[in-house]
Amino acid sequence: MTADQLRNKYLEFFKSKRHRVLDSDSLVPKDDPTVLFTPAGMNQFKKEFLGFNSGFKRATTSQRCLRTDDLDKVGKTAVHHTCFEMLGNFSFGDYFKKEAISWAWEFLTQELRIPKDLLWVSVYQDDDESYDIWKDVIRIPERKIIKLGDKDNFWPAEAKTKGPNGPCGPCSEIFFDFGKDVGCGEVACDPACSCGRFAEIWNLVFTQLNRKESGLLEPLPNKNIDTGMGLERLAAVMQGKHSNFETDLFAPIVKEIMSGSQRIRISEDRALVYAIADHIRAVVFCIYDGVLPSNESRGYIVRKIIRKSVLHLRALGIKQPFLNKLVPVVALVMKESYPELTGRQEDIAQIVLSEEKNFISTLETSESLFKEKFAKQSDAEVIGKLAFTLHDTYGIPLDLTKDWLDKHNLKFSQQAFDKELEEQKNRSKLQSSMKGDVFALKDLDYGTKETKFLGYEDFQTKAKIVKILKSGVEAKKISKGEEAQIVMERSVFYAESGGQEGDKGVLVKGKNIFEVTDTAKIGKIILHIGRVKVGVFKKSDLVSAKIDGERRLAIARNHTATHILQSALRKVLGVHVKQQGSLVAEDRLRFDFTHFKGLDKEELNRVEELVNDNILDNHELQKKEMAVAQARKSGALAFFGEKYEGKVRVVSIGEVSKEFCGGTHLDSTGQIGFFKIVREGSVAQGVRRIEAVTGKEAYKVVKQEEEVISEAASVLNTAEDKVIPELQKKLARIKELEKQLNSVKADTLKSSVDNCINNAENINGINLVVTVAPDANSVRKSVDLIKEKAGSNTIVYCSTANSLDMQIFSAVGITPDLVLKGVDASELIKGIASELGGSGGGRKDFAQAGGKSPEKSESALQKFRNLIRSLKIG
């Protein structure tokens, strides 16, 4: 049975048990700061577990998850993964243990026809209820029911003693027995043994308790079910494989990796091949969900996984970029569940390729990096810490660093390296584990299940206040000057969402005024955030709610323009362009999109022209609600980071654009007025950003540009249309004058060389020539000319004269005979660089330094003389 069949079979089974089948959530948890990535199926249901009514009491999903706690184990075991799918069924105060256990058993033994004698179960040591259900209802032999403690059969693990606070409860796990020939071979072997004979395939969590601050456990009023079964592990069982990596979810990826090198032997290189196969899935789905490689937060994890994969590939003899070639294979394997991957595989592959190239380049130029980091270092502990920085920040393998250190006789502290590594692991665990309480959401009772939004058609309405919150706590009333959040039964205020800023406005009751400075949303509740400007407001007050209409229209101009901009970009650059993020504000818009190089002037002009053409064509906008499937079928574009359920709003602009969008828009494109791009640049690997303005703001930008041209024309004493030719003429004249000046400087330098040599000081049997020059370029030329003229036994020291910008530049030149005797210009310049307030370096025959203390030039020169006196000439 294929993994696709198993996934479908599972979801259909629980659909028949009256569960709502929901799409997988993104790997980036929305409104959940407790985790970096989605680690389990239950994360998207935190509100429901806390009692929020979303319209269903039962749900089932196949959730893509990512965990990095066991990154170093991936590939070495048959079951560890970073990215995996978790099949789950959930009950929010509906059914409980008996149904959860019975249905799990029914699915495995009747739907999948797994022989009952190959299944074992575990229960929490104090959970007699679950034990009795397995024994008396399911009729499993007691010898196949084992009792485990807080670490193995309580969720979260050891929560009773260690926390976190919040909902928790006992677990019951179902295990598959691979048989006596697998594992330790002991007669007493059971699922508590870690020999590999037993594979945990399903975990049933019975959330029935609430842990308080003191560690006190109280029964929850509503008992919940949260189950999780790894699709990869289930596929291995059903396909008769001992390792997840031998299933149809991984086999094509493994085969492609094997084909990349003639020297790979699966028996010897299995762990590396399997790790790469796992890691590319994690990378693909992270980028699919909008997490791009970077040095921060989630992006750092993606970058780390890519670099780890590149190192594995190099160990297999694959030195060139290869990981990107696996992206289409992953897209093919996951096609049934994630058909959109096929359309995005080129974008994702390009991002991976770019990251591979950069890292390979870093590895190949590591010599210069080592010199830079370890220069002047002799302390083994400091070197150990720096080696970790190279490993952690640049991805340089420790072995490569140690080889270089050995060649240069530098001592390395493994203990210092390990200490830094351990601290980094602890930081990562803190980031990826739950912070604080199990569920960060607190008071979910906002006085209403949903705020009815009327703002698409109206700018003003009357509504009743159903709740007032001050600092997150309910208040009976608020008075002048007090800040609060107000919830109403209905509202015209658009809450910040999808990149569009929230509305501002006022709530008025007679002479009482509450100024709304922002609007936010939690679930389906709209929060009006602000302060009382005049008077008093109480719960149940009837108020007149009115948004700032001019501001709303300005935002709508930018939002509608953003849709047209995406269409223009796809037309000019190609259909690979997809939205990666946006900001729609009152005074500007920002649009992030996939593209792999900067736009040239011609492309930017064409995009801007297309947008303005569509504005002038005055296309009518249509906004319709439709089912998600219907919207996708109609060709509407969806934003990568959003999860869509049930019905969606589709905004169409003539034949130009059609997108999923819940934001506020104009009625026709002509209302935008004018569109002007003000900036284009890079945001991340493979992602560009355009910033633009519309309407009055665009007019302001054009006027400012006109003023600049007008002022330039006035300064140049020419007409505005002749500014460019006049500038070109003056620049040509400046170049000619600079050329003449440089020629004069060169002649002056040449004529002064003999004089400089004749005035040389003799120190320690060496001729020291000291001179000054007007600028850095002249300093370098002076040193070269004097060295050449002097021929031998000469050291030249030249510096700039004291300057107004408090900078000094100096250089040292050594004639070839002295270099052969061991005199080193770079060592001499380093000896005085700190005196000049800077740093320096270079070659043995020439070195230079810059500093910020020109007033110390005399003391630096004296120190330089002393350095020459101390030279021991070979």
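Results, tabulated for the structure shown:
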read-out: Bins of 10 Å, starting at 0 and running to the largest distance - Cα pair percent for the stretch 250-326; value: 20, 52, 24, 4
read-out: Integer Hz, Karplus 6.51/-1.76/1.60 couplings in order for the stretch 645-654, x for Gly and Pro; value: 10, x, 9, 10, 9, 10, 9, 10, 10, x
read-out: At most 16 other Cβ within 10 Å, DSSP loop - trypsin sites (Lys or Arg not before Pro), the stretch 357-422; value: 376, 411
read-out: Rotationally averaged projected area of the stretch 288-407 (alpha carbon convex hull; nm²); value: 8.5
read-out: Residue among 554, 485, 678 farthest towards the positive dipole end of the chain, charges placed on Cβ; value: 485
read-out: Flagged links, alpha-carbon separation over 27 Å, of 533/647; 9/521; 47/470; 462/623; 452/624; 98/144; value: 533/647; 9/521
read-out: Selection from 44, 231, 267, by position along the positive dipole direction of the chain (Cβ); value: 44
read-out: Alpha carbon Rg of the stretch 109-215, scaled by the compact-globule rule 2.2 N^0.38 Å; value: 1.16
read-out: For residue 581, residues with placed amide H under 5 Å, excluding near neighbours; value: 592
read-out: Packing-based ranking, highest mean first, of 211-218, 44-51, 696-703, 86-93 given that Cβ atoms within 10 Å are counted; value: 86-93, 44-51, 696-703, 211-218
read-out: Under-5 Å amide H pairs with residue 637, H placed in peptide plane, nonlocal only; value: 658, 659, 660
read-out: More than 51 angstrom apart: percent of Cα pairs within the chain; value: 38
read-out: Charge-dipole axis of the stretch 463-586 as Lys and Arg at +1 and Asp and Glu at -1 on Cβ define it, positive-most pick from 466, 563, 514; value: 466
read-out: Where only C-alpha atoms are counted, convex hull volume of the stretch 151-283 per residue in Å³; value: 153
read-out: Two-decimal Rg to Rh for the stretch 312-366 - Kirkwood Rh, Cα set; value: 1.08
read-out: Segment residue 32-residue 628, extension gain: residue separation times 0.36 nm, minus the distance between their alpha carbons; value: 212.1 nm
read-out: Spin-label model distance (nm) - residue 604 vs residue 340, 7 Å beyond Cα toward Cβ; value: 3.1
read-out: Whole-number D in µm² s⁻¹ for the stretch 472-549, Kirkwood Cα-pair radius fed into Stokes-Einstein, 10 °C, 1.306 mPa s; value: 127
read-out: Reduced Cα scattering model of the stretch 664-744, Debye log10 I(q)/I(0), q = 0.13, 0.17, 0.18, 0.24 Å⁻¹; value: -0.72, -0.89, -0.91, -1.05
read-out: Coordinate range along principal axes, alpha carbons of the stretch 17-167, Å, largest first; value: 44, 43, 36
read-out: Cα-Cα pairs of the stretch 693-735 separated by more than 18 Å (percent); value: 40
read-out: Alpha-carbon spread of the stretch 535-614, three principal axes, descending order, Å; value: 57, 24, 17
read-out: The chain - charge dipole about Cα centre, Lys and Arg +1 at Cβ, Asp and Glu -1, debye rounded to 20; value: 660
read-out: At 1.002 mPa s and 20 °C, Stokes diffusion of the stretch 812-851 via Kirkwood alpha-carbon radius, µm² per second; value: 218
read-out: Under-15-angstrom lysine pairs by C-alpha in the stretch 769-846, whenever the two are 8 or more apart or on separate chains; value: 4
read-out: Cleavage-rule hits, trypsin sites (Lys or Arg not before Pro), the stretch 555-609, DSSP coil, Cβ neighbours within 10 Å at most 13; value: 597
read-out: Förster radius 56 Å - calculated FRET efficiency between residue 242 and residue 679 (Cβ-Cβ, nearest 0.05); value: 0.50
read-out: When the convex hull of its Cα atoms is projected in every direction, mean area for the stretch 80-167 (nm²); value: 7.5
read-out: Debye, to nearest 20: dipole size of the stretch 822-870, +1 on Lys, Arg Cβ, -1 on Asp, Glu Cβ; value: 40
read-out: Magnitude of the charge dipole, the stretch 136-271, Cβ model with Lys/Arg +1 and Asp/Glu -1, debye to 20; value: 60
read-out: Derived scalar couplings ³J(HN,Hα) [the stretch 112-119; Karplus, 6.51 cos²θ - 1.76 cosθ + 1.60; whole Hz; x for Gly, Pro]; value: 9, 6, 6, x, 4, 6, 9, 10
read-out: Relative counts (whole %) of C-alpha pair distances in the stretch 729-874, using bins that are 5 Å wide; value: 2, 10, 19, 22, 19, 14, 7, 4, 2, 1, 0, 0
read-out: Heavy-atom accessible surface of the chain: percent carbon and sulfur, 1.4 Å; value: 48
read-out: Whole-number D in µm² s⁻¹ for the stretch 589-726, Kirkwood Cα-pair radius fed into Stokes-Einstein, 20 °C, 1.002 mPa s; value: 120
read-out: Gained length - residue 76 relative to residue 859, 0.36 nm times residue gap less alpha-carbon distance; value: 275.6 nm
read-out: Alpha-carbon centroid distance for the pair the stretch 717-787 / the stretch 186-230, whole angstrom; value: 79
read-out: Å² of accessible area per residue within the chain, as computed with a 1.4 Å probe and no ligands counted; value: 48
read-out: Length-normalised contact order of the chain in % [C-alpha pairs under 8 Å, at least 6 apart]; value: 7
read-out: Estimated vicinal HN-Hα couplings, Hz - the stretch 382-392 in sequence order (Karplus 6.51, -1.76, 1.60; Gly, Pro = x); value: 4, 5, x, 5, 5, 4, 5, 4, 5, 5, 7
read-out: Stretch gain in nm, segment residue 777-residue 15, where the contour uses 0.36 nm per residue and the Cα spacing is subtracted; value: 266.5 nm
read-out: Where the Cα pairs of the stretch 12-66 fall when distances are cut into 5 Å bins, in %; value: 4, 19, 27, 24, 18, 6, 2
read-out: Nonlocal amide H pairs with residue 114, under 5 Å, H built at 1.01 Å; value: 109
read-out: Enclosed volume per residue, in Å³, of the convex hull spanned by Cα atoms of the stretch 522-680; value: 152
read-out: Inter-part distance where the stretch 322-388 and the stretch 827-860 are each reduced to a Cα centre, Å; value: 38
read-out: The stretch 282-336: Cα Rg divided by the 2.2 N^0.38 Å rule of thumb; value: 1.20
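The values are calculated or read from the model by the stated rules, or taken from the named source; none is laboratory data. Note that the structure is predicted; figures quoted are calculated from it, not measured. Cβ coordinates were reconstructed from backbone atoms using ideal geometry, including for glycine residues, and neighbour counts include every protein chain displayed. The area values use the complete protein model at the heavy-atom level, side chains included, leaving out ligands, DNA and RNA. Shrake-Rupley method; radii C 1.70, N 1.55, O 1.52, S 1.80 Å.
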